[in-house]
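Peer 1: Quick one: the structure is below, and I'll ask about it shortly.
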Amino acid sequence: MTTTVLLILFGALSRLLPHPPNAVALGALALYSGARLPRRLALLVPVAAMALSDFFLDFGTGRTAVTLVRVVDYAVFLGIVVLGGAFAKTARPRGLAGLAICGSLAFFVASNSAEWLSDSLYPKTAGGWLLCLAAAVPFLWNTLAADLAGTAVLFGLDALVSRRTAWRLAAGVGLALLVEPDASAQPLPQVAEDVVVTATLHPEDEKDLGSATTVITRREIEMSEKASVLELLRSVPGLDVVQSGTPGSVTSLFTRGTNSTQTLVLVDGVRMNSPYFAGYDWSAMTTENIERIEIVRGPFSALYGSDAIGGVVQIFTRPASGGVSGRFTGEAGNEGQGTGSGFVSVGEGPFSASASYRYDAFNGERANSDWRERNGSWSLEARLSEKSRVGLEGSILDGEVGNPGPVGAEDPTARGFFHEERFAVPGHFALSEANQLDVLLAEVRSKPAFSDPFGGFSTQTDAETLQARVSDTERIGAHSVTAFATWERWTVDDASNFGTNLDGQRTTLWGLGAQDTVTLGAFSATLGVRLDHHSTFGNHWSPRATISWLSPDALWKLRASGGSGFRAPTIGELYYPFSGNPDLKPESSVSWEIGVERYVGSGRAEVSLFWNDLKDLIVYAPTESKNFNVGHARTRGVEIGWRQTIVPTLAADATYTYLEADNLETGAPLARRPRNRAALGLDWQAAPGLDIAPRVIFVGSRTDGDPLTGAPVEDPAYVRLDLLARWQVSGKVAPYLRLVNALNHQYDEAAGYPAAGRLVAGGLDVRF
């Protein structure tokens with residue numbers, strides 16, 4: 001039964017992942033199923049694979065589920081199963097090739113005959129039928145190639161594997177090997193809290209890294225009871241979070257003073273930054289399905305390509321575990337706050353699955369500032385061995401938020417709508433004790449919309465990112481050498497009530513690179529370089545190097561790093577009709593950093609000095625209604641961080657960032673970058689099971705632009721006090737009380753958009 005399930009998943013994935021038209025080996029899959037599986041299971045394989053993939057392909061499209069063409073396609077694959085059962089069990093290679101060709105031809109004739117009968121384009125005559133077949137001949141070659149290759153792989157490897165060894169699932173380009181996992185395999189060990197993946201693409205102990213790194217663990221997420229990722233990021237050194245109003249409003253992240261468009265956001269390795277207009281809106285990302293967050297600061301284009309100028313924030317979702325477990329949370333508060341979330345994990349033998357759901361609501365303090373959001377995610381994983389696995393995961397985010405506008409120019413009807421879909425197929429394969437192969441195929445689709453009946457304007461956007469990544473890491477003595485290749489294709493459609501702005505405009509980015517990480521005694525060093533080729537502006541090289549020294553007693557670490565980063569212009573910046581410029585070059589940076597870290601028990605203190613020189617920044621020129629590469633900026637500063645358990649019942653977390661961020665073209669400071677920013681949090685176990693966690697955030701004054709006139713203004717400094725009280729009644733139940741902005745301080749993170757006043761919410765956290 002396990003092999004049947006894996007065959008079904010493979011068949012479904014082969015249709016869902018990007019591929020040339022009709023280049024899907026479902027015929028080979030049906031032939032193999034008929035030859036190697038019991039009849040009832042063999043017939044199930046193509047039907048279930050088709051039905052599963054049809055569900056995802058049709059979801060949200062409004063297409064008719066049952067058509068003549070679809071019924072005929074299903075029938076043909078059932079016929080190929082019967083063909084395989086009758087003739088393929090003992091057939092030689094030449095006979096198998098003939099059966100594969102017969103199956104492809106049967107599918108070609110039957111499917112296109114059904115199309116001829118259904119489509120009014122072709123006359124219902126013999127000539128019309130032949131015309132329909134002739135039009136489909138180019139697709140026949142793809143079907144033949146896929147079925148022949150699939151048959152060779154499935155039956156060829158079947159002949160090489162002993163009958164006592166079940167099929168295992170592996171990944172390839174367009175095809176896969178199907179192998180049943182060892183039922184005794186245990187779940188892969190989770191990444192330890194002091195091991196970081198994002199900085200080097202492979203797990204490395206934090207003490208060996210030459211980069212400034214912060215990790216937020218699942219325990220910290222749960223103990224904080226914070227529902228949104230943006231609240232977790234506020235206390236990370238070097239990061240500035242700016243929300244344009246109350247919860248649900250557009251939120252930007254500035255890393256070390258670089259633009260909000262210059263931080264790369266990854267979810268399990270999948271790029272989330274928008275291909276339409278650059279950046280990522282943090283307002284909607286929630287925490288119920290997050291295992292850990294890794295933040296690496298500095299340029300990482302040598303590993304990740306575009307957008308990684310200021311740093312990378314990578315979200316790792318929660319893996320499934322053995323047995324059945326879960327967590328449910330519900331809360332309510334003032335201003336119409338309401339939240340309900342759940343996470344469930346199921347695991348049996350080599351297979352595991354998890355799913356989560358969340359609903360958030362907020363009525364808002366200003367008119368038309370309410371917010372509603374729904375999140376859903378799921379994952380399936382098959383462990384092929386102790387160190388190899390393949391997965392299937394996805395998420396959907398959907399909601400709407402009021403856009404009241406700045407104070408003094410209120411809009412009672414403007415509404416923003418957001419819809420985001422993520423679908424990924426990750427694979428990790430231990431080719432040997434020293435060699436690890438990682439494969440990732442993914443699609444991210446963002447469909448923001450805006451409607452303002454009062455202003456007479458509406459827009460609808462469909463922005464898609466297709467991406468593929470392959471990396472191979474080989475440990476050779478003291479070296480870990482990683483080679484990788486990436487491919488990304490960005491496509492955007494955009495229209496307003498005045499007409500079409502972008503009609504399927506697309507760009508493509510290819511990347512190829514290598515990195516060597518070596519540890520020699522107390523020293524660790526990393527050297528990497530990457531070449532990217534963009535379909536519009538051409539090539540860009542990104543080098544990076546780090547070095548660190550760890551004292552013999554492992555209490556002190558010195559580190560230094562340097563490198564360059566770039567951000568490719570987005571489709572909107574290149575081609576949007578009112579501002580686009582197809583001659584844009586990428587934004588680029590040269591960055592340097594030195595740091596020292598001190599380890600005390602489970603605690604750590606760190607100090608980093610950084611410098612970023614940013615060139616060719618993309619700037620809009622109003623006089624010419626066009627984007628140009630004219631910007632030049634510099635950011636430099638100091639980051640200080642400290643995490644420490646002071647006594648068993650008291651822990652502290654403190655950060656401070658001093659930043660100078662200047663526009664070198666005008667001499668003016670960059671907007672919304674405070675010179676001083678600090679945070680102090682305590683976790684006090686006041687009584688057994690009772691945790692009290694106050695947190696103070698200070699943000700210094702910063703320049704901004706008046707939202708009505710555009711004139712320079714200064715946002716005053718502010719202090720915000722948050723407080724959480726959490727009582728662990730038992731190992732499974734924990735009520736909590738949370739106050740945000742407990743002192744009800746009035747302030748703006750973005751000029752003209754007041755932040756929320758005091759928010760009070762109580763909730764219950766239940767685990768099983």
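The values are calculated or read from the model by the stated rules, or taken from the named source; none is laboratory data. All of these numbers come straight from a predicted model, not from anything done at the bench. Glycine also receives a Cβ, built like all others from the backbone with ideal geometry; neighbour counts cover every protein chain displayed. The accessibility values were calculated without ligands, DNA or RNA, using every heavy atom of the protein model including side chains. Shrake-Rupley method; radii C 1.70, N 1.55, O 1.52, S 1.80 Å.
Peer 1: Hand me the chymotrypsin sites (Phe, Trp or Tyr not before Pro) from segment 429-493 located in a DSSP loop with no more than 14 other Cβ atoms within 10 Å, in residue order please.
Peer 2: Answer by residue number: PHE454.
Peer 1: With just the Cα atoms of segment 429-522, tell me how far they stretch along each of the three principal axes, in Å, largest first.
Peer 2: 67, 27, 19
Peer 1: Cα extents of segment 631-723 along the three principal axes, largest first, in whole Å?
Peer 2: Computed over segment 631-723, the largest-to-smallest principal extents equal 57, 28, 15 Å.
Peer 1: May I pose another question? Which of rounded, prolate or oblate describes segment 82-129 when judged by the alpha-carbon gyration tensor and an a/c cut-off of 1.5? It would help to have the intermediate numbers written out before the result.
Peer 2: Values: a/c = 5.09, a/b = 3.41, b/c = 1.49.
Verdict is prolate for segment 82-129.
Peer 1: State the antiparallel share, in %, of DSSP beta bridges confined to segment 243-314, rounding to the nearest 5.
Peer 2: Antiparallel: roughly 65 percent of the beta bridges in segment 243-314.
Peer 1: If you don't mind, another one. Can you work out D for segment 197-333 in µm² s⁻¹ from Stokes-Einstein, where Rh is the Kirkwood radius over C-alpha pairs, the temperature is 20 °C and the viscosity is 1.002 mPa s?
Peer 2: Estimated via Stokes-Einstein, D reaches 136 µm²/s.
Peer 1: At 1.4 Å probe size, with every protein chain present, just tell me what the per residue accessible area of the chain comes to in Å².
Peer 2: Accessible area per residue, the chain: 42 Å².
Peer 1: Kindly provide the helix-only [θ] at 222 nm of the chain, computed as the sum of -39,500 (n - 2.57) over DSSP H runs of four or more divided by all residues, to the nearest 500 deg cm²/dmol?
Peer 2: Result for the chain: -6500 deg cm²/dmol, rounded to the nearest 500.
Peer 1: Considering only protein heavy atoms, what is the solvent-accessible area of ILE476 at a probe of 1.4 Å, reported in Å² to the nearest 10?
Peer 2: Only protein atoms counted, so the area is about 100 Å².
Peer 1: Please list the three semi-axes, largest first and in whole Å, of the ellipsoid equivalent to segment 307-449, using sqrt of 5 times the eigenvalues of its alpha carbon gyration tensor.
Peer 2: Semi-axes, largest first: 38, 20, 12 Å.
Peer 1: Within segment 451-472, name every residue whose backbone N is under 14 Å away from a label modeled 7 Å from Cα of ALA409 along the Cβ vector.
Peer 2: Counting only backbone N, you get 455.
Peer 1: Round to the nearest 0.05 the FRET efficiency obtained for LYS387 and PHE768 when R0 = 22 Å and r is the Cβ-Cβ distance.
Peer 2: Calculated transfer efficiency: 0.15.
Peer 1: How big is the Cα convex hull of the chain in projection, averaged over all directions, in nm²?
Peer 2: 34.9 nm²
Peer 1: Label-point separation (nm) for THR67 and VAL518, each offset 7 Å from Cα along Cα-to-Cβ?
Peer 2: Using points 7 Å along Cα→Cβ, the separation is 5.9 nm.
Peer 1: Moving on to the next point. Using only the alpha carbons, work out the radius of gyration and Dmax of segment 562-618 in angstrom.
Peer 2: 18.4, 58
Peer 1: How would ARG374, ARG15 rank on accessible area, largest to smallest, probe 1.4 Å?
Peer 2: Listed by decreasing accessible area, they come as ARG374, ARG15.
Peer 1: Could you calculate the contour length gain from LEU57 to GLU348, that is, 0.36 nm times the residue separation minus the distance between their Cα atoms, to one decimal place in nm?
Peer 2: 101.9 nm
Peer 1: Determine Rg/Rh for segment 378-475; Rg is computed over alpha-carbon atoms and Rh is the Kirkwood hydrodynamic estimate from the same atoms.
Peer 2: The Rg/Rh ratio comes out at 1.27.
Peer 1: Based on C-alpha coordinates, I'd like the Rg and Dmax of segment 503-620, in Å.
Peer 2: Using the Cα atoms of segment 503-620, the pair Rg, Dmax is 19.4, 61 Å.
Peer 1: Using a 1.4 Å probe and ignoring any ligands, DNA or RNA, find the accessible area of THR286 and quote it in Å² to the nearest 10.
Peer 2: Its heavy atoms expose roughly 20 Å² to the probe.
Peer 1: Still on this structure, I have one more. Could you state the orientation-averaged shadow area of the convex hull built on the Cα atoms of segment 258-340, in nm² to one decimal?
Peer 2: For segment 258-340, the mean projected area of the Cα convex hull comes to 7.9 nm².
Peer 1: Sort CYS132, CYS102 by accessible area with a 1.4 Å probe, largest first.
Peer 2: CYS102, CYS132
Peer 1: Against the empirical 2.2 N^0.38 Å scaling, what ratio does the C-alpha Rg of segment 222-300 come to?
Peer 2: Segment 222-300 yields a ratio of 1.06.
Peer 1: A further question on this structure: Can you tell me the length gained on complete extension of the stretch TYR620 to ASN435, counting 0.36 nm per residue apart and subtracting the Cα distance?
Peer 2: Details: separation 185, 0.36 × 185 = 66.60 nm, distance 4.74 nm.
Length gained, TYR620 through ASN435: 61.9 nm.
Peer 1: Here's something else I'd like to know. Once fully extended, how much extra length lies between SER551 and SER535, figured as 0.36 nm per residue of separation less the alpha-carbon to alpha-carbon distance?
Peer 2: Taking SER551 through SER535 to full extension adds about 1.1 nm, to one decimal.
Peer 1: Now for a different question. Mind giving me the FRET efficiency for ALA332 and ASP613? R0 is 51 Å, r the Cβ-Cβ distance, nearest 0.05 is fine.
Peer 2: FRET efficiency, ALA332 to ASP613: 0.55.
Peer 1: Using a basic spin-label model with each label point 7 Å from the Cα along Cα→Cβ, how many nm lie between LYS89 and ASP503?
Peer 2: 5.8 nm
Peer 1: Sticking with this one: As a test of reading the structure, rank PHE351, PHE566 by solvent-accessible area (1.4 Å probe, protein chains only), most first.
Peer 2: These residues rank, largest area first, as PHE351, PHE566.
Peer 1: Can you compute the equivalent ellipsoid semi-axes for segment 442-581, i.e. the square root of 5 times each eigenvalue of the Cα gyration tensor, sorted largest first and rounded to whole Å?
Peer 2: Listed largest to smallest, the semi-axes of segment 442-581 are 43, 17, 13 Å.
Peer 1: Which shape class applies to segment 671-768: rounded if a/c is under 1.5, otherwise prolate when a/b exceeds b/c and oblate if not, where a ≥ b ≥ c are the square roots of the Cα gyration tensor eigenvalues?
Peer 2: On the way: a/c = 3.77, a/b = 2.54, b/c = 1.48.
Prolate shape, in that a/c is at least 1.5 and a/b is the bigger ratio.
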